[in-house]
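Let me begin by presenting the structure, written as structure tokens, before commenting on it.
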Amino acid sequence: MLKDDILKALLEAGDYCSGQALCERFHVTRTAVWKAVARLRDEGYTIEARQNRGYRLQNTEYLLSQASLDEAFAAQNFLKRWVFLQQTDSTNLEVKRAAAAGDWGPTLFVAEEQTAGRGRRGRNWSSPPGSGIWMSLLLRPKLRPERASVLTLVTALAVTDGIREATGLEAAIKWPNDVVVKGKKVAGILTEMSTDMDRIEFVVIGIGINVNTESFPEEIQSVATSLAIEQGKRAARTPIIAAIWKHFAAYERLFEATGSFAALKERYETLLANRNREVRVLDPDGEYTGTAIGITEEGELLVLRDDQSLTAVRSGEVSVR
Ligand code: BTN
């Protein structure tokens, strides 16, 4: 599409591009260039236009693009492929389609906007353009299906460390896989898996991060926040994405080499927001309270119940009181 070509040209130029040069390069009229620029502005890009100089993209550090991802991932060797999409239904669905088409991965899809973003428990996941990181990884791990949930913990570690490194915010993990800042959720993870008999065919690791969201509806203000709200200024998304996959690659290598979560347990516990806090476990067989004291090597939450018995919690929602 012309607007994508023009965006790429403006990004590459990093300076003014004359309207005439764009017309000649893409063999289109001035009006077509002008219309494409107007569409880019509608998508949230700030494009300055000056007589005799042309068009220039502003605030480029806040933009996501194929070019910014190419630069961020040039020196790594974990991801085999990465794809930026201006808009898609859901990056988790992108991964499933790529897997069905034979993509071997690890492949990352990053979208500016999702029209059908999904959260856990079938919930909607609001994914407007410009304000977040919506991305999914296609992975084909050599793991037994019952161990796949550990990958969600590995992801929570990587997202938390990535956010900490790129922003300096004290992000923490709310077991099992929410990332919080000062107790409020900034990121969620949706892991899905396709199995064939007793082996994993592929895993989809979907990550949603509220980066530059300026405000939340009143009913969720007490539980949701964004990196921009917490640090009082907008954050550039590409360095956060790069930091997350750098940490993920390192943790995943360790997990694969040792075949166990043991080597990562200590780091996870250090980052655990619920640790030594009173938690309420919403067990399907009945709610109870206790103190979260850590996790097991299988990634279960260890809860010391009020009656002094120790329970390893596998599923069920845990809420910090
Ligand atoms: C949660 O409910 O906490 C998990 C939210 C996961 C959202 C991400 S955004 C990228 C990927 N695509 C989706 O449709 N969902 C995940």
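Against the chain, whose longest principal axis is taken from its Cα atoms, helix 30-42 shows a tilt of about 20°. With the Kirkwood sum run over all distinct C-alpha pairs, the chain has a hydrodynamic radius of 21.2 Å.
The Cβ shell under 10 Å around residue 149 holds other residues with a net charge of -1, Lys and Arg each +1, Asp and Glu each -1. Since only 303, 95, 14 are under comparison, the one whose Cα sits farthest along the positive direction of the charge dipole of the chain, derived from C-beta charges on Lys, Arg, Asp and Glu, is 14.
Listed by chain and number, the lysines whose C-alpha is less than 18 Å from the C-alpha of residue 35, apart from same-chain residues fewer than 8 away, are 3, 8. Stokes-Einstein diffusion of the range 278-320 at 37 °C, 0.692 mPa s viscosity, Kirkwood radius from Cα pairs, rounded to a whole number: 325 µm²/s. Straight-line cross-link partners of residue 184 among the lysines, defined as a Cα under 16 Å from its Cα and at least 8 positions apart when in the same chain: 174.
Projecting the Cα positions of 46, 290, 235 onto the charge dipole of the chain (unit charges on Cβ atoms of Lys, Arg, Asp and Glu, taken about the Cα centre) puts 46 furthest along the positive direction. Each semi-axis of the equivalent ellipsoid for the range 132-279 is √(5λ) with λ an eigenvalue of the Cα gyration tensor; in descending order they amount to 27, 16, 15 Å.
Most tightly packed first, judged by the mean number of other beta-carbon atoms within 10 Å of their residues, the peptides 144-153, 72-81 read 144-153, 72-81. The shape of the range 2-58 can be summarised by an equivalent ellipsoid whose semi-axes, obtained from the alpha carbon gyration tensor, come to 14, 13, 11 Å from longest to shortest.
As a proxy for reagent exposure, 174, 233 were ordered by neighbouring Cβ count within 10 angstrom, fewest first; the result is 233, 174.
Each value in this text was obtained by applying a stated rule to the coordinates, not by laboratory testing. Please read all numbers here as calculations on a predicted model, not as lab measurements. Neighbour counts are summed over all protein chains in view; Cβ atoms, including those assigned to glycine, are modelled from backbone coordinates with ideal geometry.
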